[in-house]
1. Hey, among 505, 493, 497, which residue is modelled with pLDDT of 95 or more and surrounded by fewer than 22 Cβ atoms within 10 Å (Cβ to Cβ)?
2. Hey, could you check region 201-228 for residues that are aliphatic (A, V, I, L, M) and part of a loop (DSSP other than H, G, I, E, B) and say which is surrounded by the most Cβ atoms within 10 Å (Cβ to Cβ)?
3. Out of (1) free of Cβ contacts under 8 Å to residues at least 24 places away in the same chain; (2) closer than 26 Å to residue 74 by Cα, what's the single condition that is false for residue 627?
4. Can you pull out the residues in region 376-395 that are crowded, with 19+ Cβ neighbours inside 10 Å and charged (D, E, K, R)?
5. So in region 83-120, with the set limited to residues that are β-branched (Val, Ile, Thr) and in contact (Cβ under 8 Å) with a residue 60 or more places away in the chain, which one is farthest from residue 180 (Cα to Cα)?
6. For residue 188, state whether it is in the same structural domain as residue 122 (by TED's automatic domain parsing) and at pLDDT 95 or above.
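The values are calculated or read from the model by the stated rules, or taken from the named source; none is laboratory data. All figures in this text were calculated on a predicted structure; none of them were measured in a lab. Cβ sites come from the backbone with ideal geometry, for glycine too, and all protein chains shown count toward neighbours.
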Amino acid sequence: MKISRRAFHTAMLSTPALAQAAAQAGPGNPSRLVLPAWNSPSAAGDPFAFPGAPSPRSRWNVPGPPRKYFSEWLPALFERTLAIDEWKGEKSRLHWIFTGPMGGFTVEVGAGRVRLVERYFDSPGLSKVPPVEERPARHPEGLWEESSVEYTGELRAIAVVLDHRLSVRVALNGKEALVAHCTLDVNRHQLAYSGEDGSVRGRQLPPAIESATVRVDPSARFQEMLGFGGTTTPPAYAELSQEGKRVWWRKLAEYNLLLHREYPTGALLNPEMTNWDRPADASPHYYGDNFPNCETSDFDYMRRVRRLGGKTIFEFWELPVWARRRDSAGKITELPDLDAYAKAMIRYCQVSREKTGSAPEIVGIQNEVQQPPEVWQQMTLALRKALDEAGFGAVKIHMHNPPYLAGGIAAVKAFREKDAVWKAIDYATSNMYDYQNFFYDPDGFDALLREMKQAIGGKPFLAGELCVNNAAFQTRTYRTAFAMGQLYHKLLTTLDTCGIMYCWTLLNVVQPSYGWTRTLMAPDAEHGFVPAATSHQLRVYGAYSRRIRAGMTRVQAASSNQQLQATAFSENGGARTLVMLNRSTAAQRVSVTWPGEPFRYMEVVSPQQENAVAPMARGEVTVPPGAIVTLTNVELGQVREDFL
């Protein structure tokens, strides 16, 4: 077996991720493959034959070997099989070429060897890295990864699978030969043939379609939704043009992003606490060469969010310098001065009430800063006492949220050590950046989700901050967004999450890779500074957020196929939404049973469809592989013209 990787393929993964990668790559890459017997199905399929008739064109012909072009647009996930009816020639080879907007992969088979090559061709910078073969003359192309294995026996079938685990798999005669990680989207494919000593004839078999059922039991009820949202940074909002701001409010309502999580002035907050919303005190976040984009407030923005029915969630990341203790040497530590901490939290609530008409609905203890358990406990009690004494008894508190769910579980146990502390906490919460360690095995994350559910008991849970920030996955592909879609389903059904917040809903970025997966939208300077989706993350998030409104309750939805993940919500007034995520490689023809009012709309998310809405048809519903279909009678959120 040969496996080579480019030196730049060194993305930082955690120990669990590396272990999963090794486990996945091992069994699928044997040193030599003995092909089993294979019975060819009788399906006709799409035929191919090489060598074919020569092209009559003498100029501007496609360079390289003869081709067979398949007309289909591939779904996000798929399994495609070539049945080989005849193969002659010891040196002849088939090249199965898959291409997409950023790159692609090629499966080369013949002469007793199968090779899998992944490549990128979306940047002139790739002209300075080793090519896949001889350097292409008309486009930049760089080798990302390759692997190969020798085989013996009669080759009768070649199958390629692009699955929900961000992998590409190659099987010969039904036996897995090669496995590689692949975040690329591919949408077209073709065959090329090389070898003058022989011929190859066969057909592509029709893709599979499976039947499934989803049964909803509205009497089995779970969590009530608080909503969806994230952090809109004031500098990003300020960059929008007047038309951009109008577009923004329409999108905010349509996508139901009405939980506004504040990233307020922290370290730069002055002792007088008069600069909460001073634009000059905005700070650059830790995103490469980008400009100031964080740590300030916009109370007019929050007032507008509330007019749409939204809520504000406030917490500090870094505390003001004057609200932190010093050690014996006089050095500032992360430990809070409890009185100063409580004073700052109360002052924010007061300013918010003065400028927006309401204090934040929820405040958090502190985000992503590690403290000893006793400090978290002291901060909780001090905050609850200060809120009550200042007349903010209705303001809820969520616990400290670590960056990883594993840390969140440990934090819950610390908060539960004292009954008074746990009673003062209204929402358990955690950020979940460790889910990225499970992109190659999403179901491996379930154990942590179940552990958190057991730890919090009946306490409602807020998913405080979600996005993709690992360099290995920080890409604009649909399949990376689809990996996050699996997390949304797991949060809603395994952890009974009542609120899901993306890290950023709007962020101003200069280097685009920081925007592709860290924020749902960014100001589009090339089209008049209007908000635009940075990648496919918005549409996948919207498959859940757009039609699951605050106040709706999750009800039981049972799917006959574990790869068809179903999530259902209803409201006493008759509103209902069913979200079906198909992570299999076969289309699912689904029969839905849900007594009561019929659905009015069907909404589809796929690489080619951005929350596409159509009237609901009667009968079965087909969910393509890698697609998300939402059935609903809930109307999309709108804003009145006088609001704009």
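1. 493
2. The residue in question is 226.
3. With (1) free of Cβ contacts under 8 Å to residues at least 24 places away in the same chain; (2) closer than 26 Å to residue 74 by Cα applied to residue 627, the lone miss is (1).
4. Within region 376-395, 384 is the sole residue that qualifies.
5. Step one: list which residues in region 83-120 are β-branched (Val, Ile, Thr), which gives 84, 97, 99, 106-107, 109, 114, 117.
Applying the additional criterion that residues be in contact (Cβ under 8 Å) with a residue 60 or more places away in the chain yields 84, 97, 99, 107, 109, 114.
Numbers: 84: 24, 97: 16, 99: 16, 107: 12, 109: 16, 114: 13 Å.
Ranking the candidates gives 84 first.
6. When the stated conditions are applied, residue 188 passes them.
Okay, residues lined up against (1) surrounded by fewer than 24 Cβ atoms within 10 Å (Cβ to Cβ); (2) in contact with a helix residue (DSSP H, G or I) (Cβ under 7 Å, 6 or more places away or on another chain); (3) at pLDDT 95 or above:
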{"residue": "532", "(1), (2), (3)": "yes, no, yes"}
{"residue": "536", "(1), (2), (3)": "no, yes, yes"}
{"residue": "549", "(1), (2), (3)": "yes, no, yes"}
{"residue": "557", "(1), (2), (3)": "yes, no, yes"}
{"residue": "574", "(1), (2), (3)": "yes, no, no"}
{"residue": "590", "(1), (2), (3)": "no, no, yes"}
{"residue": "595", "(1), (2), (3)": "yes, no, no"}
{"residue": "604", "(1), (2), (3)": "yes, no, yes"}
{"residue": "608", "(1), (2), (3)": "yes, no, yes"}
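For (1) under 30 Å from residue 550 (Cβ atoms); (2) free of Cβ contacts under 8 Å to residues at least 24 places away in the same chain; (3) in a helix (DSSP H, G or I); (4) not assigned by TED's automatic domain parsing to the domain that holds residue 580, each residue gets a yes or a no:
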residue: 180; (1), (2), (3), (4): no, no, no, yes
residue: 244; (1), (2), (3), (4): yes, no, yes, yes
residue: 249; (1), (2), (3), (4): yes, no, yes, yes
residue: 260; (1), (2), (3), (4): yes, no, no, yes
residue: 273; (1), (2), (3), (4): no, no, no, yes
